[in-house]
Structure formats: C-alpha cells, structure tokens
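Okay, structure first, notes after.
The values are calculated or read from the model by the stated rules, or taken from the named source; none is laboratory data. Quantities reported herein were computed from a predicted structural model and do not represent experimental measurements. Heads up, the Cβs are rebuilt from the backbone with ideal geometry, glycines too, and the neighbour counts pull from every protein chain shown. In case anyone asks, the SASA skips ligands and DNA or RNA and just uses the protein heavy atoms, side chains included. Shrake-Rupley method; radii C 1.70, N 1.55, O 1.52, S 1.80 Å.
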Amino acid sequence: MSEIISSVVAHYNYWIYIALMMIGLYAVIGKKNLIKKIIGVNIFQTAIILFYVSIGAKKGATIPIIHHGPGGGHHETTASVIEASQYMNPLPHVLMLTAIVVAVATLGVALALAIKVYNQYGTLEEDEILSRIRVR
Amino acid sequence: MSSQYPGLLIIVPLLSALLISVAGWVNKRLCFPIAVVGLSVALYASIGLLLRVLAADPALDGGVVLYRLGGWDPPWGIAYYVDRLNALVLVVVSVSALLNLIATKNDVRESFSTKIGAFYTLYILLVTGLLGITVTGDAFNLYVLLEITALTGYGLIAMGGEYRAPLASLNYVYMGTIGACFYLLGVGYLYMITGSLNMADIASILPGLYDSKVVLAAFVICMVGVWLKMGFFPLHAWLPNAYTYAPSAVSSLIAPLMTKVMIYVMIRLMLTVFTPEFTFSVLALQTSVVWLAVIAIVMGSILALGAPDVKKMLTYIIVAEVGYMVGGAWLGNRAGMTGSILHIANDALMTLCVFLAVGNVVYRVKGYGFDDLRGIFVKMPFTMIGFVAGAFSIIGVPPTCGFFSKWYLISGGIEAGHYGFVAALVFSSLINAVLFFKLIEVGYYGSEDAHHHHGTTPVSMAEAPVSMVVPLLIVAGGLIAVGLYTGDIVARIIDPVIAQTIMD
Amino acid sequence: MKFLGIIVVVITGALLVYTTGDFPSWSDPASPASTHVSPHYIEKGMHETAAPNIVTAVLADYRGFDTLFETTVVFCAGVVCFFLLRIPGRSPFTECQYRHKATGITVRVKHDRKMSGSFGEFERIDTLWTPHDLIIQTACRILIPFIQLFALYVIAHGHHSPGGGFQGGVILGASIILLAISHDLRTALDRLGEKAHAILCSVGVLVYAGTGAVCMVLGFNFLDYGALARILHVDPVMARSHGILVVEVGVGLAVMAALIWIYSNVSSRGNYDEGL
C-alpha cells in the first residue's frame, strides 16, 4: 500500500500533464468549431510546458539565480562554492521559455488564419464550411 | 573561412530574410536579388561542406564536421554536426530552393505584387529552417527550427487565393503543431532519462537504458510526431489539401522539401540518436511499420487514381513516396536504408521537377484540372519535356534517378523477405505509369477534340518565360545526371553513412 | 469523429500513463536531468558568463542559438499575420464617422478622401462607438509610461533577477496595446505606425543575428560573445555579459514590435481602421 502511495506521490504531476494533454488532443480531434480546436492545441502545448517544468523541479532548491553580494554581477565577487543541489535545474525553464514563445507565435498565426477562414466562408463551424465547399 | 561554412549556411539566409523584410518597406525591387544572394551563399556553403566531409577520413574523426555555436562545447552549448548524410540533404535542399526561387520569379511578382517583401522573407526563412533542421545536432534546436518552417509554411500556403486554401492551412496548423509537440514531448522524455539534449551525447548514454519504458516511449512519441509532420499514411489527412491549394511557387518549394527533410529527421533519429541496434533489435516494431508503409503506398496510389486534378494527384503520389522511404528505412538492411536515403535526394528533385512544370502550366493556363492540360504539348513543349522527365523518374524508368532508388528499395525488400513491400512498390509504379500516361495522352492528343474549346482556333505555342523553363530543364537534366552517377553517390556518400552506424 | 477522438485519447493517455512508471521520481535531486548537463550551468555559469541569473545565461549564451531562432519565430508570426491579413490601402467606399467634440454631433462621411486630421474640432470615431470612459483613459495615460519604464528595467535587469528580453518586450508591447484598447487602434498607430512595427521587428532580430555575425567577422564562431572583448576592451567573461545584454535588447525590440504588429493586424482584420 505504502509503495503505491509513494509511487503516486512521485508521479502524480506527470499524470496531470497527461490528463491535460489528452483534453487538448480531444478538443483538436473531436470539436467542430475551429476556435475550440485552436484552444485545444494551446492546451496541448501548455501540458508539455507543465511536463518540462516538472522535470526541472528539485527538492530543497531555490530559483536558479546565484546569490551574490551587493557589488553585483562581477564574477570575482562570488567567493563561496556553488552547489548544484542548491538551485533548480535551469535548462527546462530555458527550453520552456522558447516553447511559450513558439506557442504564442502559433496562436497568433492560427488566429490570423481563423480570421481569413471567417472572411472566406462566413462561419467557423467546420461542417458548415465543408457543406459550403461542397455546394460550390 | 571554410571552418565557418556551417555557420554561414544558416546565418546568411537568416540575415538576408531580415534584410528583405526591411527592403520590402523601402524598395521592393531589392527583395528578389537579396533572396538570390542569400540562397546562393547557402548553396556555396553546403557544397563546400559536402566536399569537406567527403575529403574527411571517416576512420579518423567519424568524417564529421563539428561547429560549436557560441563557442561552447557540445553537451552544454548547441553544436552542428555535418556528416555525409546531412551534407547530401543540405545540397539537395539548397539547390532545390535556389532553382525554385529563380523559376518562380515572374509568378511571384504577379501574384504577390504588394506583399513581395513579406513573401520572400517567409520563403527564405522557410529554407533557413529546413537547412537548420538538417544541419543541427541538438534535439531541441531541431524543434525550434521545425516551428520556423511550420509557421512560414502556414502563411505561405494560405495565401494561394484559392477558395479552400485558408481551411487547408488551418488544418495544417492543427496537425503540424500537434506533430511538433509530440516531437518536443519525445525530446522531453529523452532529456528526463539522459539529462542531455545533444544528439550524440544522448546516443552515447542511451545503450545502458534500453530496457527502460521511458526510452521506448520517447522513441514512439518522436516517431509519431515526425510521421505527422511528413504525412505518413494514417496521419496524412492535412497534406493533400495544403499542398494542392498553396500557390504554385510555394507548392514547388514545400512539396519536394518539407516531407523529405522530415524523412531525414526520422532516419537521423533511427540511426544516430537511437542507433540501429535499438531501432531494429530491441524494438519489435519493425515489421508492423513496414506493413504500415505498405498500406501508405497502396492507399496513396489508389487515392491518386481518384484525384480530381493534377496537383492533388501529385500530392497523393507524395503520400505514397513517403511510404517508400519510411518502409525502406524500416526494412532494417543496407539496401533498404540506401534506397531510402537515395530516394530523399531523388524524390526531392523529381517532385520539384513535376511541380515546377505544373507551376508553369498554371502560370499560362490558369488552372490545373485535367481538362486544362488538353493540347499542352503543342502549347508548352519545353515545359512538358521537363514534366515527362519528372514523370518517368517517378514511375521509375531506367536512365532517370527514380529507377535506381526504387531498385535499391526493391532489393532491400527481397533481402528482408518482405514481399508485401516489394509488391506494393511494383503496384505503385504501375499506378504511377497509368496516371502519367493518362496525363501525357490528354496533353498530347487532347487537342484533336478541340470542340470543347468552342471553335476551330488551332492551339498555338505559348511557352512560359525563359526564366521559368530553364530551371525546370536544369532539374530535368539533373534527374538523369543523378541517375547516371548513382553508383558514385551510393559508394561515396551513402555507404559510409550506413557503415558508420554499423548496421546489418 | 467524437467517438474516434475518445478512443484515440484514451489509448494514447493509457500508454503515456503506463510509461510514467519508469520515470524518475518528481523533484528528485539525483535524477539524470539534474545531474548530467545542468550542474555545469549552475556551478560554472556565473564564472563563465558573469550573469547571476542562470536562466538568462543559458538562454542568451549557452543556448543563444535557440533563442535567436525563437526571436525569429516571433518575427515570423508578425510577418505571417501581416502577410495573411493586411489589406493594402483603404478601400474608397469605407464609411467613416466623425464626432464634433464640443456638441457630440456625429457626422457620417461616405467616400472618405482626406478627412482625418484636417478637422481640428472633429474626431474620428469607430462604427460601434461608445463614449470613452474618462477614468479609464486617464488612468491608462498615467500608467503607460510607468509600465514602459518597468519593461525597460525588466530587460536591463535580466542578468540579476527574473526577466530579460522576452518578458520586457512583452510588457512594452502590452503597454502600447493597452493604449489601443483604452483609446482606439488609430491612436496607437499614430504613435507607432505600421512601417515602424515592421522595421523594428526585423531590426530587433538583426541586432541579435548581427551581434553573432560580428563575432564571426572577428574570427570566432557565430554568437561567441567572447569575441566582443576586443571591441569593448573588457575581459572575455564580461564581454559575454555585455553580449547577453545586447541581444536581450534586440529580443525586446523584436518581441515588442511583433506583438503590436500581430495585435493591430488581428484586431482590425487587416484594414488598420478600427480595432477592438
């Protein structure tokens, strides 16, 4: 029993990311409204961000900014040895900064395309658009 | 200077894209020359790289050119690794992009007159992204570049002015983003288990972890992402519409290059990151993937038979060709892998060739339905010479290069005892023959029943401008040249690649 | 489609949950991710780049090439939105509404030629116009300079605290978008026109890529800021720190301009006439 509990504690946020990701995936596959699909894609991307940030977590560590004296910035001032275990893993945060930016850019482009779709067909419901294409 | 080739390869196109963007607001006539200069430098650098890699001794340093970006050593910074495999793909990408750029100059000037700066900016950025994907040795960097090609691709496709283009592009956004996200997730799994993002570094850590479920999941997730991006059969739904309704200058850039570069990524993952030992021995997926490829080939060919117009027919042929390459790579023997790598280059060239020809036809006839091709041989003889060369290569008629890669693929299939794959290849070649001879028949004899075109006016010659025909004929000549030099390409480029990864 | 969706989602989800069994435990300091590459950044980053914020150091230096393309992605999005949506020139048949400031009388003008700006007593208003809230307008006018100041701080202080080019650029962009929302799009565009968006956007990325190219010209690898030591007359480690600052400024410019560019295209559907 305690094994199961410890396994749950060790992995539950990975399950949350999977749940979130599947919600996004379902929205992309199952929804007919094009904006809802865009939201689904965004949820999907957010789930991945949650996953990466989870990798970066480290028990008992603080944000990855080296504590330095008021002199500030000059590399000579840090006399004490820096232990890697004191600070969070910075790499996933860097990667996710990139992924967030990419997500924003994709969202902008998707919205622009949605506007273009709306201008063209007068609706954002996929089945209505398809029936309009067929009539044409 | 030559040590900076990998840097120049990416940086010069990037800088030229930015300059074009500014020039678009200052003086529109500067856009095209800057684009040509940027891609020419990229081509020069990629040929230089290929020569350097060929001159390097594989036994000494693996025949790899290493370029440290920012001067940091690999696992910490991002590094470019150029070996024979990606040097080949780099040359193919930059040649195709440059030729297409020149060939479509008139077309672009007429269809995008007011936004020519934005068009060329996106065009060059797309090529930069493709080159970057090919040259990079960092798994995450690949993702960022993947998104650059994707975003620019979405924009370029949707501007076709075709009624269905925006919807096709939006569907591509959904599938493309999901595909890229899957790849990103797979990289995350790899990072979690190995702690590294550098491909070579990951490859050196992985062998101790082969029995971990995480590695298995990472592999499958990456593959699904890449397959989504390349339009491998059950995941291909976005591809035909997106490529068909794109403007012809864009179709002839994206259709040859995008899927091929994704195939390259797949092979890179299989050979370098996960090593053939894992892909073919530890994993029990080999046969099922090849069967999936068989279905892709058969379905692609059948759908091509039912396609309503020329461009859509060609896009379904691309779906089938993706099946060729995925299947060949997954056969798990030298001949199959050789065929697959060779087909990346060949298929890029022959798809470029036919799409350029169709682009010329669209430029003159303003349509790409089967009916628009009536009497086209009389009207545009030189364009059709190029088209026939491309068609013969896709069918696999001997002196053209398509024959040789198909030969390797079939012999790989026989060697592996996978006769389903062999049968699918033969079936698809027959279908291609039927499709193209039907087109050629319409184009050659179609003018006789000219009563469709109300009147007795004989069809006169109306060839596309020289700047459009010459690049097409260069590509067509290239198809035969590559075919004739297949032996050299295989012996000097592809064999060492496979030998390096110790496959058999 | 819904049924298919549920099947796909359930199967994929189940497979993914199954693989979590072999994951390293959450927040385990001994997991491979925390022991292989990242300790180098934490332990050496400060000495090698003189940037106490390791995220900034990794973002703009160790993995600066990623960030260059990340900025390019934003630039791409700006160009794509412009490319897709912008309707060049104003259609001659647009109907414009002008409001007499003193009396509140609204005049509707068809076939608008050169009305805007020539009538001091009139102001151009949106079709769906509601009287502007004085409190909102004034509050935003007062706040925007401070928001922008804070954005500059965030960009400049990215070495020492959370922040950097992206964050600062977003805040800068948001300040202008706030102006557009609280007043109208035209007011914002009068301050910073379309051409300025486009050119600033490419200039921002050019600053980044140009810094890298300068390093290359000086005989180092691309983006190796250590090369800047010769120009700046400091030691290579401080040169890296300065290099990071320069590229952060470029990123900030590009992100700000791209966000405003995207906003004005998307919100006005490309005619730059009336926004949200």
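Over region B:138-277, Cα pairs under 8 Å with separation of 6+ residues give a relative contact order of 31 percent.
Shape of region B:138-277 from the C-alpha gyration tensor: prolate (a/c of 1.5 or more and a/b above b/c, with a ≥ b ≥ c the square roots of its eigenvalues). Relative to its Kirkwood radius, the Cα radius of gyration of region A:1-135 gives an Rg/Rh of 1.20.
Ranked by solvent-accessible area (1.4 Å probe, protein heavy atoms only, all chains present), the residues B:THR279, B:THR287 order from largest to smallest as B:THR287, B:THR279. Legend: mean number of C-beta atoms from other chains within 10 angstrom of residue C-beta atoms, peptide B:162-175, equals 6. For the pair A:ILE23 and C:LEU178, label points projected 7 Å from Cα toward Cβ lie 3.0 nm apart.
Summary of packing: across the peptides B:359-372, B:316-329, the per-residue average of other C-beta atoms within 10 Å ranks them, highest first, as B:316-329, B:359-372.
GNM on chain A, alpha-carbon springs under 10 angstrom: the most fluctuating residue among A:ILE38, A:ILE82, A:ILE100 is A:ILE82. When exposed loop sites are taken as GluC sites (Glu not before Pro) in a DSSP loop with at most 15 other Cβ atoms within 10 Å, the longest stretch of chain C clear of them is C:122-276. Where in region B:396-436 does the amide nitrogen come within less than 19 Å of the point 7 Å from the Cα of B:LEU54, taken along Cα to Cβ? Of the residues in region B:396-436, B:401, B:405 have backbone N under 19 Å from the label point off B:LEU54. For chain C, a Gaussian network of Cα nodes joined below 10 Å ranks C:THR138, C:THR56, C:THR67 by mean-square fluctuation, and the top entry is C:THR138.
Taking a sphere under 10 Å around the Cβ of B:SER248 and counting the other residues whose Cβ falls inside, with K and R at +1 and D and E at -1, yields a net charge of 0.
Give the residue from A:GLY122, B:TYR368, B:THR244 lying farthest towards the positive end of the charge dipole for the protein assembly as shown; charges sit on Cβ (+1 for Lys and Arg, -1 for Asp and Glu) and the dipole is referred to the Cα centre. The residue sitting farthest along the positive end of the dipole is A:GLY122. Based on C-alpha pairs under 8 angstrom that are at least 6 apart in sequence, chain B has a relative contact order of 15 percent.
Simple rule: put +1 on each Lys or Arg Cβ and -1 on each Asp or Glu Cβ in the protein assembly as shown, find the dipole, and look at B:LEU253, C:ILE42, B:LEU206; the Cα lying farthest toward the positive end is B:LEU253. Compared with the dominant Cα axis of chain A, that is its longest principal axis, helix A:126-135 is turned about 30°. Each Lys and Arg Cβ is given +1 and each Asp and Glu Cβ -1; about its Cα centre, the protein assembly as shown then shows a dipole of about 2240 debye.
Note on C:219-226: average number of Cβ atoms from other chains within 10 Å of each residue's Cβ is 6.
Given a 1.4 angstrom probe, I'd like the percentage of the accessible area of chain B that is carbon and sulfur, rounded to a whole number. In chain B, the share of accessible area belonging to carbon and sulfur is 67 percent. Here the relative contact order of region B:285-504, from alpha carbon pairs under 8 Å that lie six or more residues apart, stands at 28 percent.
Springs between alpha-carbon pairs under 10 angstrom, Gaussian network model over chain C: which of C:SER34, C:SER264, C:SER202 fluctuates most? Of C:SER34, C:SER264, C:SER202, the most mobile in the Gaussian network model is C:SER34. Inter-chain neighbour count for B:211-223: the average number of beta-carbon atoms from partner chains within 10 Å of each residue's beta-carbon is 3. With respect to chain C, whose longest principal axis is taken over its alpha-carbon atoms, helix C:134-156 is tilted by about 30°. Taken over the C-alpha atoms, chain C has Rg and Dmax values of 24.6, 74 angstrom. Applying 1/(1 + (r/R0)^6) with r as the Cβ-Cβ distance of B:VAL282 and A:ILE100 and R0 = 35 angstrom yields a FRET efficiency of 0.50.
The residues packed around B:VAL470, meaning those with a beta-carbon under 12 Å from its beta-carbon, carry a net charge of 0 if Lys and Arg are +1 and Asp and Glu are -1. Taking Cα atoms only, the orientation of helix C:38-49 departs from the longest principal axis of chain C by about 70 degrees. Placing +1 on each Lys and Arg Cβ and -1 on each Asp and Glu Cβ, with no other charges, gives region B:285-504 a dipole about its Cα centre of roughly 220 debye. Based on alpha carbons, the Rg and Dmax found for the protein assembly as shown are 27.8, 94 Å. Centre-to-centre separation between the Cα atoms of region B:117-195 and those of region C:185-244: 25 Å. Under a model in which nothing but the beta-carbon of Lys, Arg (+1) and Asp, Glu (-1) is charged, region B:1-135 shows a dipole of about 500 debye around its Cα centre. Could you work out how far apart the two model spin labels at B:SER113 and C:THR106 are, taking each label as a point 7 Å from the Cα in the direction of the beta carbon, and quote it in nm? It is 3.7 nm.
What does the C-alpha gyration tensor say about the overall shape of region B:1-135? Classify as rounded when a/c is under 1.5, otherwise prolate if a/b is larger than b/c, or oblate. It is prolate, given that a/c is not under 1.5 and a/b is the larger ratio. Can you give the FRET efficiency to the nearest 0.05 for A:GLU83 and C:ASP190, using r as the Cβ-Cβ distance and R₀ = 60 Å? The value I calculate is 0.65.
Dipole orientation for region B:1-135: of the candidates B:VAL64, B:SER113, B:VAL12, B:SER113 has the Cα lying most toward the positive pole (charges on Cβ; Lys, Arg +1; Asp, Glu -1).
Between C:ILE136 and C:VAL10, the FRET efficiency estimated from the beta carbon spacing at R0 = 35 angstrom works out to 0.15.
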